[in-house]
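Here is the structure we will look at.
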Amino acid sequence: MNTTQVAQYESESSDEETQEKHTNVIGKAKRRRESKFWIEEATYNHSSEVEALIKDDWSKHYVNYTERGRKVYYRCNKKKRRGPQCPANMCLLYHADTDQVTCYKTENGHAHDGDEIRGVSGKVKQVVVELYSDGVTKPKQIMRALEARKMKTPTYGQLNSYLVHLRKKKYGSHQISLGELEQWCQANESIPTNEDTAFVVSYEIKYDDEDDEDDEDVEDYQGSRFRIFISSLRLLNITLLSSHINADATYKLVWQGFPVLVVGTTDLKKSFHPFGLSICSNEKTKDFEFIFKSIQLGLVNTNKGLFKPTALVSDAADAIKNGFRKVFDHPYDEIMCWAHMKRKVNNRVCHIDAKCLAKEILEDIEMLQLSNSKDLFQLASSLFLKKWKNLKQKNQSVLNFLDYFQKEWLESNDGWYEGVQLYVPSTNNALEATNRTIKDDGTFRERHTLSRFLQISSDIVNNWSKERDPSSINAKLFATEPDIPLSLWTLSYQWAKSTKDVICVSNDSSEAFYIPARDLTSITQADLTRYKKKKWTSFNLLKKLFDIWCMEMKKSEEWTNARCNCPAFLKNYICKHIVGMAIRLKRCKPPPAAKAVPVGEKRKR
């Protein structure tokens, strides 16, 4: 192996030559500033008259104060601030002794192309603002829209910088303290005269050094806490038409991870109508207690009577149920959302070894859900447990599931069947759909900081309220009667023309019609007697209950107020049996379009 010494580095030029070059560069950098010759353009009587001169072509450069007055110098905005400048300049002299303003311009004209624009032009900014208001908020989406309109598209960095400025101008700063949050609530808590204007009905802000009295959830809280409920007069008035409350919490709206609590009700068209929304630091019992109290407080402050709901529809969260119980002490029904319950049961029934048994158990649970009264549900539940606990071949996985099902869904949360309360939905799907609408239309699937979401939530409440204005073209009015679409008229007309034998039992006040279900055409006397006694010894015999439907029609009321125990009526508050029987009895006439579909065929969409 050969070892050699690496030579030291030697520069090709000497130190004296390098120093001389550096001195020449410094000398070149110190150039003499060119003199500017100003020409008086015009004199204006007021400063507002010269604002039109500035527009987007000029930007403020510097200011000088002289004996004649204040001089504001402007540079051409079509060149970058750093780098070679345009020789054209403008100066505005604000006279010290009068309100007059004199405009001066340099004798040198613009030394660039007229189309050259620095940054985002004014026309592009205007289009970006319009697109942002219409929900096009992402830079790439905006750039595609500008290209489609054949406008000069700014760079990604320029557009992103302008969007930051636009968000700050529209929503304010992205940071907010508890003190600023309290100031915002105080500034928006006065009751407006406009029914659609959003306002803060109630708020609570707890700082670190303050204790929350009687709060069993205080260990779960860390740091400061806040609760804000926002609504409008029109939304609060919906409580006067409602008999139940739907409540739920949704996430992925606030960047800090705070939940948004939404409460409202549904009408007889199964449409959701919100009372308002609440932004809280958590979703514990105290938070839901606050939102229910805020509804009552809003009604009291607007001189309305207290709200007394007869049912609560939720996902059986303990925080919702406990908060509701602390505010409303009168009797009510707790309805567990059937969709949530079914998903949880599916997650447990899949652990059963035999898949055929798991499928049959799910079918029996779905039949349990169609119970139209509490007595029938309790009877059917006992027969269901008896059937599956007395299998000939013992299956431990089935027994484990039955223990879970009995404790969770027959003892703790048993309000998931259809007949808990009439005209109240068995699911919270309408509220869940509203949560999705908030994310799609309210925030455009973007998480906002708390300071900006306050303004967004006010806009959401304002839009909810305007949609329910009776003078609006597509007003979402609270329906007090179920809707009968043309498809139901067609189905009812075809049912009325069928050869089914219907048994009528009449008394002084009402008429009860016993109707054979599905493809059955008649009912025997023995089946009718067994149906009335409701005494079954096994779950399989209980299924015979669904061979007969009973419809009751009051003689003193309209036929639309009739009731039926079929699943369609329990879910939609109207069914083909009620409409079809009214057609049979000549109490109503179907529209001509309902007769245009041949018997046995469904109306196409």
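The values are calculated or read from the model by the stated rules, or taken from the named source; none is laboratory data. Predicted, not measured: the structure shown is a model, and the values here were computed from it. Cβ atoms come from the backbone with ideal geometry, glycine included; neighbour counts cover every protein chain shown. To get the accessible areas, we keep the full protein, side chains included, count just its heavy atoms, and leave off ligands, DNA and RNA. Shrake-Rupley method; radii C 1.70, N 1.55, O 1.52, S 1.80 Å.
Annotations
- Asn540 being open to solvent by 70 Å² or more (accessible area, probe 1.4 Å), farther than 21 Å from Lys576 by Cβ and touching a residue at least 40 places away in the same chain (Cβ under 8 Å): yes
- Residues (assigned to a helix (DSSP H, G or I) and either crowded, with 17+ Cβ neighbours inside 10 Å or of a type in the set (S, T, N, Q) (or both)) located in segment 172-197: Leu181, Gln183, Trp184, Cys185, Gln186
- Among the numbered conditions (1) in contact with a helix residue (DSSP H, G or I) (Cβ under 6 Å, 6 or more places away or on another chain); (2) under 22 Å from Lys535 (Cβ atoms), the only one that Arg445 does not meet is (2).
- Single residue of Glu511, Glu446 found to be free of Cβ contacts under 8 Å to residues at least 60 places away in the same chain and either surrounded by fewer than 18 Cβ atoms within 10 Å (Cβ to Cβ) or basic (Lys, Arg) (or both): Glu511
- The residue pairs whose first member lies in segment 566-583 and is assigned by the TED database to the domain that holds Ser510, whose second member is surrounded by fewer than 21 Cβ atoms within 10 Å (Cβ to Cβ) and part of a helix (DSSP H, G or I), and whose beta carbons are closer than 6 Å, counting only pairs six or more residues apart or on different chains, are Cys575/Ala568; Lys576/Leu491; Lys576/Trp495; Gly580/Trp495; Gly580/Ala496; Ala582/Trp559; Ile583/Ala496.
- Ile503 within 30 Å of Val260 (Cβ to Cβ) and among the aliphatic types (A, V, I, L, M): no
- Residue selected from segment 311-340 under the condition assigned to a loop (DSSP other than H, G, I, E, B) and open to solvent by less than 10 Å² (accessible area, probe 1.4 Å), by the criterion farthest from Asn428 (Cα to Cα): Phe328
- Filter result (without any contact (Cβ under 8 Å) to a residue 40 or more places away in the chain and open to solvent by 40 Å² or more (accessible area, probe 1.4 Å)) within segment 345-374: Asn346, Asn347, Cys350, Lys355, Cys356, Lys359, Glu360, Leu362, Glu363, Glu366
- Test: residue in segment 291-309 that is open to solvent by less than 10 Å² (accessible area, probe 1.4 Å), touching a Pro at 6+ places or on another chain (Cβ under 6 Å) and in the same structural domain as Ser457 (by the TED database): no
- Count - residues of segment 341-384 that are assigned to a helix (DSSP H, G or I) and either hydrophobic (A, V, I, L, M, F, W, C) or under 32 Å from the mean Cα position of the chain (by Cα) (or both): 25
- In the set Pro274, Pro259, only one residue is open to solvent by less than 30 Å² (accessible area, probe 1.4 Å), in contact (Cβ under 8 Å) with a residue 12 or more places away in the chain and out of contact with any Leu (no Cβ under 7 Å at 6 or more places or on another chain); that residue is Pro259.
- Filter pass, Thr265 being in contact with a Pro (Cβ under 9 Å, 6 or more places away or on another chain), open to solvent by less than 10 Å² (accessible area, probe 1.4 Å), in a strand (DSSP E or B) and hydroxyl-bearing (Ser, Thr, Tyr): yes
- Contacts under 7 angstrom Cβ, first residue in segment 243-254 being basic (Lys, Arg), partner open to solvent by 10 Å² or more (accessible area, probe 1.4 Å), 6 or more apart: Lys252/Lys439; Lys252/Arg447
- Scan segment 470-483 for residues that are open to solvent by less than 40 Å² (accessible area, probe 1.4 Å) and touching a helix residue (DSSP H, G or I) at 6+ places or on another chain (Cβ under 8 Å) and the total you get is 2.
- Of all the criteria given as (1) within 21 Å of Arg468 (Cα to Cα); (2) under 20 Å from the mean Cα position of the chain (by Cα), the one not satisfied by Tyr251 is (1).
- Counted residues, segment 579-590 - those being on the phi < 0 side of the Ramachandran plot and open to solvent by 40 Å² or more (accessible area, probe 1.4 Å): 4
- Unmet requirement for Ser498, which otherwise passes all of (1) surrounded by fewer than 18 Cβ atoms within 10 Å (Cβ to Cβ); (2) among the small types (Gly, Ala, Ser); (3) part of a helix (DSSP H, G or I): (3)
- Just one of the listed residues (Ser59, Ser133, Ser121) is of a type in the set (Ser, Thr, Tyr) and either open to solvent by 70 Å² or more (accessible area, probe 1.4 Å) or closer than 30 Å to Lys439 by Cα (or both), namely Ser133.
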